[in-house]
1. Could you check region 610-637 and list, in sequence order, the residues that are buried (at least 20 other Cβ atoms within 10 Å of the Cβ) and part of a helix (DSSP H, G or I)?
2. Consider region 288-298. How many of its residues are over 16 Å from K229 (Cβ atoms) and either of a type in the set (D, E, K, R) or not assigned by TED's automatic domain parsing to the domain that holds L144 (or both)?
3. Is it the case that region 156-169 has a residue that's more than 25 Å from N183 (Cα to Cα), hydroxyl-bearing (S, T, Y) and assigned by TED's automatic domain parsing to the domain that holds Y92?
4. Please indicate, with yes or no, whether at least one residue in region 333-351 is touching a helix residue (DSSP H, G or I) at 6+ places or on another chain (Cβ under 7 Å), under 20 Å from Y101 (Cα atoms), surrounded by 14 or more Cβ atoms within 10 Å (Cβ to Cβ) and in contact (Cβ under 8 Å) with a residue 24 or more places away in the chain.
5. Among the residues that make up region 575-595, is at least one of them among the small types (G, A, S), more than 25 Å from A432 (Cβ to Cβ) and not in a helix (DSSP H, G or I)?
6. Residues in region 198-228 that are free of Cβ contacts under 8 Å to residues at least 60 places away in the same chain and under 24 Å from R143 (Cβ atoms): how many?
7. Taking strands (runs of 3 or more DSSP E) that fall entirely within region 290-393, which contain at least 2 residues that are more than 25 Å from the chain's Cα centre (by Cα) and closer than 22 Å to N630 by Cα?
8. Looking only at residues that are among the β-branched types (V, I, T) and in contact with a helix residue (DSSP H, G or I) (Cβ under 7 Å, 6 or more places away or on another chain) in region 280-332, which one is surrounded by the fewest Cβ atoms within 10 Å (Cβ to Cβ)?
Amino acid sequence: MKRLLLILCCILAVTSVNSCSNDELTPDNDKDINETPVNPDAPDENPDEPVGPEDPQEPEDPQQPEFQIIRPIFDAQFNDDGTMTDISDSRYHVNTFDGLYMTTWKHPSYGGNLVRFSHSYGETFSDSYHKFNYSMEKDFKNRLSDGYSLEAICMFDDENDGSLEIKAFSSMESGGTGIMISNNSKGKVLTFLTNVSTTGKSNWVWGTSGIVPERGRYYHIIGVWDKEKGEAKVYVDGELKNTVKTYGEFVFPSTPACHWFCIGGDPGATSAQAAWKGDIAMARIYDEPLTEEYIKNYYPTLGINIPKSDFLPENVMYLTTCNIAKGGSFVISGWGFQSSDILIIESDNGSYRAECSCQANEINITATLPEDITDGRYKLIMKRNQDLYPLGKVKFTISESAIELKEAKVIAHRGYHKDGIPENSIEGFKKAQELCVYGSELDVWITLDGVIVCNHDGVMSGKTIQNCNYDEVKDLKLGNGEKLPLFTDVLTELKKSKVTKLILEFKTHNTREKNNLVIDTALKMIDDAGLNDMVEYIAFDYENCKRIAAARPEAMVGYLNGDRKPADLLADGIRSIDYSSGTLASHPEWIKEAQDLGMIVNVWTVNSDNELMKWLGEGVDYITTDNPDNLQAIIKAFCK
């Protein structure tokens, strides 16, 4: 630069002199302006040195600043012991609801732990998830309210029929946000969902990606809500997939009980719902909207190289709780296994690990358990060459000899009411009989003029059945066109089959007189029809149960409310504990207590294949389900 200034000064001086003399330039003065002028005083030994002070070094090209990673305010780390920790600077507390359907494992191609969720997708569930509760975190809420981003790496491990929403990392309930797979109405695609409104009322903004996830493939997803720009965006594997314009304020879930993020599903007031099935490798929250430029530069730094697995068995089921012999056989139902596959059994704390040889056929694979295995909970991971496929967990009780699995009796809850068939309908009762299930459950009410009809809620089209005469409700229709079913019509159908029993539930009426009337009337009708041996009875009201047991001491009567010990029921002639899955999960000892007393144990209402397998393994006598056909198939596969 100094050299150039010196040249310019020389040129200006010459130009000024020539201008004043009006003389033309002589050839000696006509120099190229790019020529370096010579200083006559320069030392002879350095003729090539420039005139004036020594030039500094030419500056190097400015270096690009190092890419700065933005720190999340919540960052899930999945620990070896199955818990989860927030490793962000916030260090928020996380609760782990441990269970048999959540397995922490190491993928050979991923730098850290992943979590495999093996719920039936979309179901409601009570354990096997992680919970970040922000209900009391005012600062966290304020930071989200100005704009935020969610980030996840996840893999879906099933064929999705599109009937349900499936949520990986979510905090939703009439408000909130999350990363999920939409149902059929939005195309079964990876979605960032946020709730933004100018009125304060719930308004869902659907950031659909257009990507239907392939089974076994891992996706990196970022959802962004930019309050200032009025935009919601979704990115998949570093690419922008959708921008939705939206203005207003972020709306949190409507109830504080749902102010928590679920890793593995979506919050419910008392449990979790919309279960994920498959892996989650990352779950992060940022308190700012990440920009497209940032995400473009950020994604390559992650180095995500988890390949899509080719080892993807289908319809996998096994008994999550079972008694088994040392060195005995453990059966896993499913398709796509090979006899060369190996079953890895690893204790929860990592202190025990064994590899078991297997024999496979078209419908299942059977592993031979090691002789040194003891009671406890174990991770189950199938291995094929270098590919791993986590199945989930199992609780083994080891005995000297194998215990034959008990075949539970199947109760169709409110009849068979799938495929558009209404519950508590004559069509549903007939369908249950066609399946040859042990029992078909049905609910009854009595009208003011003494007519017994079948209905669960007791209210149709705004009319409360027990407060109406029959003429006021007789023309009300079910979804299939049937009129409100009469109990006499059910008894007519009951006579046609000697296989499927009627499991009759007396609904609790608003007076003792009505309760007594519906019981006495129904018992007389059953007696007159000669069907006493084809009916069993259940009720939530304890006095109702006692009245039935007194009138029909030979009949099976079950109490539903779940607040009494088996021995107390038996003392009043009630011979069945008919309790919810939640009650029996809290009091598993009641199963053996009741059976030791000669009582029957029924569990309700169990629907997912995983839960059906669980209660089959627990050895209950009856299982009430909305999926009686599924339960029949499971019993056929596992019970001999």
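1. N610, E611, L612, M613, K614, W615, L616, G617, E618, P628, L631, I634
2. 1
3. No, that holds for no residue.
4. Taking region 333-351 and keeping what is touching a helix residue (DSSP H, G or I) at 6+ places or on another chain (Cβ under 7 Å), we get 333.
Remaining after also requiring under 20 Å from Y101 (Cα atoms): 333.
When the remaining residues are screened for being surrounded by 14 or more Cβ atoms within 10 Å (Cβ to Cβ), the result is 333.
Keeping just the survivors that are in contact (Cβ under 8 Å) with a residue 24 or more places away in the chain gives 333.
Within region 333-351, one or more residues are touching a helix residue (DSSP H, G or I) at 6+ places or on another chain (Cβ under 7 Å), under 20 Å from Y101 (Cα atoms), surrounded by 14 or more Cβ atoms within 10 Å (Cβ to Cβ) and in contact (Cβ under 8 Å) with a residue 24 or more places away in the chain.
5. no
6. Residues of region 198-228 that are free of Cβ contacts under 8 Å to residues at least 60 places away in the same chain, as a first pass: 198-213.
Filter once more, keeping what is under 24 Å from R143 (Cβ atoms): 198-207.
Here the count works out to 10.
7. Of the strands (runs of 3 or more DSSP E) lying wholly inside region 290-393, those with at least 2 residues that are more than 25 Å from the chain's Cα centre (by Cα) and closer than 22 Å to N630 by Cα span 329-335, 364-368.
8. If we take residues in region 280-332 being among the β-branched types (V, I, T) and in contact with a helix residue (DSSP H, G or I) (Cβ under 7 Å, 6 or more places away or on another chain), then V331 is surrounded by the fewest Cβ atoms within 10 Å (Cβ to Cβ).
The values are calculated or read from the model by the stated rules, or taken from the named source; none is laboratory data. Since the structure is predicted, the reported quantities are computational estimates derived from the model, not experimental observations. Backbone-built Cβ (ideal geometry, glycine too); neighbour counts: all protein chains shown.
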